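Every number here is computed from the coordinates shown, using simple stated rules; none is lab data. The model shown is predicted, which means the values in this text are computed figures rather than measured ones. Note: ideal-geometry Cβ built from the backbone for every residue, glycine included; neighbour counts use all protein chains shown.
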Amino acid sequence: MLVTYLWGWNSSKRTTPLRRVFLELQPDKRFRMPIFCETPNLSLPMLSTRIQSKIYEAKGKPNVHVLVIHPHIQTVQLNEIRECCLTLLNTASFCSKTFIIFCDLTGTYPENDNTVTRSHQINSELRKLTTQYPYNSIYVDLQQTIPSKDWTSDLNLRTAGQIKLGRTIVRTLRGTPVEIFQFT
């Protein structure tokens, strides 16, 4: 069973529907139940540093990191987003049994004028980066999957949104290239 880390949720209380989906949709048990990594009020550079440390701790053992990109990231400049994601992808490419899944929720929440970057900029940048590292990463745009009605006013996903997110993550995990983890 492959170790999977889920980054991007702050509270275990809000993840109950998401956890249920992971349990129901994994009868084959190829992946372990994702480890929900707490990320309270972390800046993007600090978050990427924590993910890098988990990659290094694996010491070449297969691992998957699912980074849920919350709409809060739109308050960060595009250059910083690019640098942090590129650093993660470089680290994953040198640790041959690491795979990163970027789940982009920025386009699912209605944009306002308080953001520095737009969802289409983040979408375009992450698509470019994951195209450069196809053996170690994939980009999942959730704009068509999760509508804005699945969000609360506090930027939390409702139960229906968490179920859709969980199903998408499990589907993406099942599509992870077997070749990466072949020599375990």
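Sticking with the crude label model, points 7 Å out along Cα→Cβ, report the distance from Tyr135 to Ser96 in nm, one decimal please.
Label at Tyr135, label at Ser96, 0.8 nm between them.
Quick one: if the Förster radius is 30 Å, what FRET efficiency do Ser148 and Met1 give, using the C-beta to C-beta distance and rounding to 0.05? Could the numbers behind the result be given before it?
Numbers: r = 36 Å, r/R0 = 1.19.
With a Förster radius of 30 Å, E is 0.25.
Across the chain, how large is the tail of the calculated P(r) beyond 24 Å, expressed as a percent of all Cα pairs?
34 percent
Toward the positive end of the charge dipole of the chain, about the Cα centre and with charges on Cβ (Lys, Arg +1; Asp, Glu -1), which of Leu2, Val66, His120 goes farthest?
Positive-most Cα among the choices belongs to Leu2.
So for the chain, if I pair up every lysine 8 or more residues apart or on another chain, how many of those pairs have alpha-carbons under 14 Å apart? Don't skip to the answer; put the middle values down first.
On the way: Lys54/Lys97; Lys59/Lys97; Lys61/Lys97; Lys149/Lys164.
Pairs that pass both the separation and distance tests number 4.
Give, rounded to the nearest 20 debye, the magnitude of the charge dipole that the range 123-184 has about its Cα centre when Lys and Arg contribute +1 at Cβ and Asp and Glu contribute -1 at Cβ. All intermediate terms of the calculation are to be shown ahead of the outcome.
Numbers: 8 positive and 5 negative charges, 41 e Å.
The dipole magnitude comes to about 200 debye.
Please sort by residue number the trypsin sites (Lys or Arg not before Pro) in the range 50-82 whose DSSP state is loop and whose Cβ has at most 16 other Cβ atoms within 10 Å. Before the final figure, lay out each step's value.
On the way: sites: Arg50, Lys54, Lys59, Arg82; in loops: Lys59.
Those that pass, being in a loop and sparsely packed, are Lys59.
Based on Cβ point charges of +1 for Lys and Arg and -1 for Asp and Glu, what charge dipole magnitude is obtained for the chain about its Cα centre, in debye rounded to the nearest 20?
Values: 22 positive and 14 negative charges, 144 e Å.
Roughly 700 debye for the chain.
Once you place label points 7 Å from the Cα toward the Cβ at Asn156 and Asp113, how far apart are they in nm?
3.0 nm
Counting helices only, and only those DSSP H runs with n ≥ 4, report the 222 nm mean residue ellipticity of the chain as the sum of -39,500 (n - 2.57) divided by its residues, in deg cm²/dmol to the nearest 500. Please report the intermediate quantities before stating the final value.
Values: 5 runs with 70 residues, N = 184.
The helix-only estimate for the chain comes to -12500 deg cm²/dmol at 222 nm.
For a Förster distance of 41 Å, can you work out the FRET efficiency between the beta-carbons of Val178 and Ser124, rounded to the nearest 0.05? Provide the component values of the computation, followed by the final result.
Values: r = 29 Å, r/R0 = 0.71.
Approximately 0.90, to the nearest 0.05.
Please find the FRET efficiency linking Leu78 to Arg32, where r is the Cβ-Cβ separation and R0 is fixed at 41 Å, and quote it to the nearest 0.05.
Working: r = 34 Å, r/R0 = 0.83.
So the FRET efficiency works out to roughly 0.75.
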